[in-house]
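Colleague: My questions all concern the structure below.
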Amino acid sequence: MISAREALERLQEGNHRFVSGARSSDTLASQKRRSELAAGQEPFAIILGCSDSRVPAEIVFDQGLGDLFVIRVAGNIVASSQIGSVEFAAERFGTRLVVVLGHSQCGAVLATLEELQQPTDNQSRNLRSIVDRVRPSVEALLATELRHDPEALVRDAVRANVRVSARHLRHGSEVLEQLIQRDGLLVVGAEYSLETGVVDFFDGMPKAG
């Protein structure tokens, strides 16, 4: 299995191809590749991303079958099932990179900000469970000058939510903490731009060299 740093470089290179429109032919699903994967998988990265239809991880990173272990949930939130999924892949497959992938104009973040500013009485308890997960990461922003600038507020809230989710994975699981300390597991946060297609890795990045 490749190292976290190598996996990160592979994702960055794939995103560059996606943005430039030069997608790799290796990502196309062939019968040979399907047959190879029937016997097992070795994904080189775990992606915890948002369910938004505009942010499919395999496409924005230009990867193919068997390359990524993808967990998608509205708002890229972290609850027990998401932590368990990351633990499973990191332990079972030896995958050493975890990326929390948020994106610009995230609907779950927008819904949380709206709920905090104008609470509703009849919100679905299931939707509220998502809002409640996002709330701690964005609530403090409403006490700053950002509340007067909706675009900047959403932009900062998206990144704050990614940071909180990444921190939760790093410190909310004994299994992942041990893998970080002993085996080089790396958890980073990133944001996908709906406007440009670029993925910006901005949280928890390893030092150069």
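Colleague: Filtering the range 74-114 down to residues that are charged (D, E, K, R) and at pLDDT 95 or above, which residue is farthest from ASN161 (Cα to Cα)? First the steps, then the outcome.
Modeller: Step one: filter the range 74-114 for residues charged (D, E, K, R), giving 87, 91-92, 96, 114.
Adding the requirement that they be at pLDDT 95 or above leaves 87, 91-92, 96.
Values: GLU87: 21, GLU91: 26, ARG92: 28, ARG96: 22 Å.
Only one residue tops the list, namely ARG92.
Colleague: Within the range 18-36, restricting attention to residues that are within 26 Å of LEU185 (Cβ to Cβ) and surrounded by 14 or more Cβ atoms within 10 Å (Cβ to Cβ), which residue is modelled with the lowest pLDDT?
Modeller: Going through the qualifying residues, I end up with THR27.
Colleague: In addition: How about the range 4-42: which of its residues are acidic (Asp, Glu) and part of a loop (DSSP other than H, G, I, E, B)? Walk me through it before giving the result.
Modeller: Residues of the range 4-42 acidic (Asp, Glu): 6, 9, 13, 26, 36, 42.
GLU42, the sole residue that qualifies.
Colleague: Right, next: Can you tell me which residues in the range 132-159 are farther than 30 Å from PHE93 by Cβ, in contact with a helix residue (DSSP H, G or I) (Cβ under 6 Å, 6 or more places away or on another chain) and among the small types (Gly, Ala, Ser)?
Modeller: Passing the criteria: ALA152, ALA157.
Colleague: Can you find, within the range 169-179, the residue that is farthest from VAL154 (Cα to Cα) among those that are in contact (Cβ under 8 Å) with a residue 40 or more places away in the chain and surrounded by fewer than 22 Cβ atoms within 10 Å (Cβ to Cβ)?
Modeller: Step one: filter the range 169-179 for residues in contact (Cβ under 8 Å) with a residue 40 or more places away in the chain, giving 169, 172-173, 175-176, 179.
Now restrict to residues that are surrounded by fewer than 22 Cβ atoms within 10 Å (Cβ to Cβ): 172-173, 175-176.
Numbers: GLY172: 26, SER173: 29, VAL175: 33, LEU176: 30 Å.
Among those residues, the one meeting the criterion is VAL175.
Okay, residues lined up against (1) over 18 Å from ALA108 (Cβ atoms); (2) over 15 Å from the mean Cα position of the chain (by Cα); (3) not in a loop (DSSP other than H, G, I, E, B):
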position	(1), (2), (3)
ASN126	no, yes, yes
PRO136	no, yes, yes
ARG147	yes, yes, yes
ARG155	no, yes, yes
VAL162	no, no, yes
ALA166	no, no, yes
LEU176	yes, yes, yes
LEU179	yes, yes, yes
VAL188	yes, no, yes
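Colleague: Which one of these is crowded, with 17+ Cβ neighbours inside 10 Å and basic (Lys, Arg): ARG125, ARG182, ARG133?
Modeller: Numbers: ARG125 fails: crowded, with 17+ Cβ neighbours inside 10 Å; ARG182 fails: crowded, with 17+ Cβ neighbours inside 10 Å.
Sole residue among the options that is crowded, with 17+ Cβ neighbours inside 10 Å and basic (Lys, Arg): ARG133.
Colleague: Residues being of a type in the set (S, T, N, Q) and farther than 25 Å from VAL199 by Cβ: count how many of those fall in the range 92-151.
Modeller: Residues of the range 92-151 of a type in the set (S, T, N, Q): 95, 104-105, 112, 117-118, 120, 122-124, 126, 129, 137, 144.
Those left that are additionally farther than 25 Å from VAL199 by Cβ: 117-118, 120, 122-124, 126, 129, 144.
Total meeting the criteria: 9.
Conditions (1) closer than 27 Å to LEU68 by Cβ; (2) modelled with pLDDT of 95 or more, marked per residue:
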{"site": "LEU116", "(1), (2)": "no, no"}
{"site": "THR120", "(1), (2)": "no, no"}
{"site": "HIS148", "(1), (2)": "no, no"}
{"site": "GLU191", "(1), (2)": "yes, yes"}
{"site": "GLY204", "(1), (2)": "yes, yes"}
{"site": "GLY209", "(1), (2)": "yes, no"}
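Colleague: Among the candidates GLU174, GLU191, single out the residue that is in contact with an Asp or Glu (Cβ under 7 Å, 6 or more places away or on another chain), under 17 Å from LEU97 (Cα atoms) and acidic (Asp, Glu). Walk me through how you get there before you give the answer.
Modeller: Working: GLU174 fails: in contact with an Asp or Glu (Cβ under 7 Å, 6 or more places away or on another chain).
Exactly one residue qualifies, and that residue is GLU191.
Colleague: Please work out if GLU151 is acidic (Asp, Glu), over 23 Å from VAL60 (Cβ atoms), part of a helix (DSSP H, G or I) and free of Cβ contacts under 8 Å to residues at least 60 places away in the same chain.
Modeller: Working: acidic (Asp, Glu): yes; over 23 Å from VAL60 (Cβ atoms): no; part of a helix (DSSP H, G or I): yes; free of Cβ contacts under 8 Å to residues at least 60 places away in the same chain: yes.
Considered against the rule, which asks whether it is acidic (Asp, Glu), over 23 Å from VAL60 (Cβ atoms), part of a helix (DSSP H, G or I) and free of Cβ contacts under 8 Å to residues at least 60 places away in the same chain, GLU151 comes out as no.
The values are calculated or read from the model by the stated rules, or taken from the named source; none is laboratory data. Here the structure is a predicted model, which means the values were calculated and not measured. So basically every Cβ, Gly included, is an ideal-geometry build from the backbone, and we count neighbours across all protein chains shown.
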